[in-house]
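Here's the structure, in structure tokens; my notes come after.
The values are calculated or read from the model by the stated rules, or taken from the named source; none is laboratory data. Computed from a predicted structure; not experimentally measured. Cβ placement follows ideal geometry from the backbone for every residue including glycine, while neighbour counts extend to all protein chains displayed. With ligands, DNA and RNA removed, areas are computed over all heavy atoms of the protein, side chains included. Shrake-Rupley method; radii C 1.70, N 1.55, O 1.52, S 1.80 Å.
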Amino acid sequence: MKIGIIGLGSIGQMLVKAFTRSKAAFADSLYVYNRTREKAEAFAKDWPFIVCDSVHECAAKVDMLFLCTKPLDILPVVDEIAKDRTVRAHLVSAAAGVSLDDLASRYAGPVSKLIPTVTSQELHGVSLFCCHRSVSAHDREVLIGLLDHLGKPEEVTESTIETATILTSSAPGLIAGILEQFAQAGTRHTPELSIEQTRRYLVETLLGTAMLLQAENLGFDQLIERVATKGGITQEGLEVLGKFLPAAFDEVFAMTTQKHQLLKEMIARQQKA
């Protein structure tokens, strides 16, 4: 199968690395178009692929095309692809705010949405996807098979994808932010511990925690029971966190809903233009 990628921002670069590392695609079957050709050529030196001269060239050569541009650039790119009615590539948009119906209104072929995660570069993490009714059962299975190389594909509805995005795509950054505050607090409390030490301790602990949860199929509550004895330090710490974290996470989800709504309104105005 020939795979195409439009845009070499962080998502596009991650997909190139993940498809290459997992051997889901090879240099002669991976086509990439980037607005700045020099950037694509430089990146291809380390992660080989075929550099295309235009959106149309990339779309015409592939079976599945990942659109990794900014949200407000997605529909103009789709319009350019749709000019050639012989193109029938399965378009997979990685942009927030652009609905399946938005895509299908501009392109006659199959369209899907993908919310990847940066951790897919290491072939772990959740890739959220949803398919338009224009996608056949075969095309859906091909997409799942491809995403399976990157970690765990999870099919969601458009009504749940925004919340799920916070728990998957945004989570690495949010977790890193939480851990950074944890590390800084450790250094403030005990200055003899350097920030490099506290960060290192937390990274290794995070890795081990994830592996334990997965290996023994534990729920978070079950792991807490193992670690937090009644009246112990961990239990007291959890009670402190319980006073602040619920409201903080509720605010994160509320902020996200507002941001998504604003983006949808911008896309809607673009549709009318």
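Here are some notes:
- Rounded FRET efficiency, nearest 0.05, which uses the C-beta distance separating M255 from A82 and R0 of 41 Å: 0.75
- Antiparallel bridge percentage (DSSP; both residues within the chain; nearest 5): 15
- The loop-placed trypsin sites (Lys or Arg not before Pro) in region 5-101, going by DSSP, that have at most 11 neighbouring Cβ atoms within 10 Å of their Cβ come out as K23, K45, K83, R85.
- Shape class for region 74-199, computed from the alpha carbon gyration tensor (a ≥ b ≥ c): prolate, with a/c not under 1.5 and a/b above b/c.
- Cα-based shape type of region 1-113, given that a ≥ b ≥ c are square roots of the gyration tensor eigenvalues and the cut on a/c is 1.5: prolate
- With R₀ set to 51 Å, the beta-carbon distance separating T205 from Q270 gives a calculated FRET efficiency near 0.70.
- Heavy-atom accessible surface of the chain: percent carbon and sulfur, 1.4 Å: 58
- The mean accessible area for residues of the chain, using a 1.4 Å probe and ignoring ligands and nucleic acids, is 57 Å² per residue.
- Qualifying trypsin sites (Lys or Arg not before Pro) in region 147-239, where qualification requires a DSSP coil assignment and no more than 13 other C-beta atoms within 10 Å, comprise K230.
- A straight chain from L263 to A171 at 0.36 nm per residue would run longer than the Cα-Cα distance by 31.1 nm.
- Pairwise centroid distance, computed over Cα atoms, of region 11-76 with region 85-154, Å: 15
- Shape of region 165-273, Cα gyration tensor, a/c cut at 1.5: prolate
- Choice from L147, L262, L114 showing the highest fluctuation, given a GNM over the chain with Cα pairs closer than 10 Å: L262
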